[in-house]
Amino acid sequence: MRRPVARSAHAKRLTLAGVLAVAKSGLGPDIRCEIIASVARSAFTETWLAHPGRPVDWDWAALSAGFQNNHPKCFNAAIWYDETLCGLAIGAVNQDRFVALDFLEGNPDPTHPLKGRVIEIVLTMAEAYRQLIVVPELRLHHVDPDLIPLYKRQGFALAPDLAGSHHMVRR
């Protein structure tokens, strides 16, 4: 598989955050955290888009293109196990205040190799990225209410002051 080339300082920080997340996870060399690129968009379209087990209907090809065009320094991640796309995440970055995760989805195949680990890997990558760009908060926007206990165990707190009852923050 061809890896995306990190050209900008932003892309290099995202790449480093991915390397740090993989190292911290202890899951081994078959795991990669990369910037969402055409290979991830293609894998999504081929394997996830029409999958009957998807709990959401987000079009990741359109989401990632839109975020990357409108927010050139957005946080975005494709989580791979070998050649299997296991997770996707994207969000906006406010350089002075926070990194926000707006969308996060795991592979809908219940037998994918990182089942149950995607959230942990993405949060670890987002936290590493937050520290690399030196902002005080990591935010989760529009959290599925069923996942609130899981995120609380990861150190997040509800933040209704962020314009919604399903927003969470970790400082």
What does DSSP give for the chain in terms of the percent of beta bridges that are antiparallel, rounded to the nearest 5?
85 percent
Write out the trypsin sites (Lys or Arg not before Pro) in the stretch 1-76 meeting two conditions: DSSP loop, and at most 16 other Cβ atoms within 10 Å of their Cβ.
2, 7
Can you give the helix-only mean residue ellipticity at 222 nm for the chain, where every DSSP H stretch with n ≥ 4 adds -39500 (n - 2.57) and the sum goes over all residues, rounded to the nearest 500 deg cm²/dmol?
-10000 deg cm²/dmol
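Filter the DSSP H helices in the chain by two things, a Kyte-Doolittle mean of at least 0.0 and an axial alpha-carbon span of 18 angstrom or more, and list the hits by number.
Numbers: long enough: 9-25 (24 Å, 0.67); 118-133 (22 Å, 1.12).
Result, helices passing both filters: 9-25, 118-133.
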Just subtract the alpha-carbon distance of residue 69 and residue 46 from 0.36 nm times their residue separation and send over the number in nm, one decimal.
6.0 nm
Averaged over all directions, how much area does the convex hull of the C-alpha atoms of the stretch 107-171 cover when projected, in nm²?
4.9 nm²
I'd like the trypsin sites (Lys or Arg not before Pro) in the stretch 79-135 restricted to DSSP loop residues with at most 15 other Cβ atoms within 10 Å, sorted by number.
97, 115
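Could you pull out the GluC sites (Glu not before Pro) across the stretch 62-171 that fall in loop regions by DSSP (anything but H, G, I, E, B) with no more than 11 other Cβ atoms inside 10 Å?
Values: sites: 83, 105, 120, 127, 137; in loops: 83.
Sparse-neighbourhood loop GluC sites (Glu not before Pro): 83.
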Calculate how large, on average over all directions, the projected area of the Cα convex hull of the stretch 5-84 is; give the answer in nm² to one decimal.
5.8 nm²
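Using only C-alpha positions, report the orientation-averaged shadow area of the convex hull of the stretch 43-162, nm², one decimal.
Working: hull surface 31.1 nm².
One quarter of the hull surface, i.e. the mean projection, equals 7.8 nm².
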Qualifying aspartates and glutamates (Cα of each under 17 Å from Cα of residue 12; at least 8 residues distant if same chain)
34, 127
Can you spot the lysines whose alpha carbon is less than 26 Å from residue 115's alpha carbon? Ignore those fewer than 8 places along the same chain.
24, 152
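Every number here is computed from the coordinates shown, using simple stated rules; none is lab data. Because the structure is a prediction, the values reported are computed rather than measured. Cβ coordinates were reconstructed from backbone atoms using ideal geometry, including for glycine residues, and neighbour counts include every protein chain displayed.
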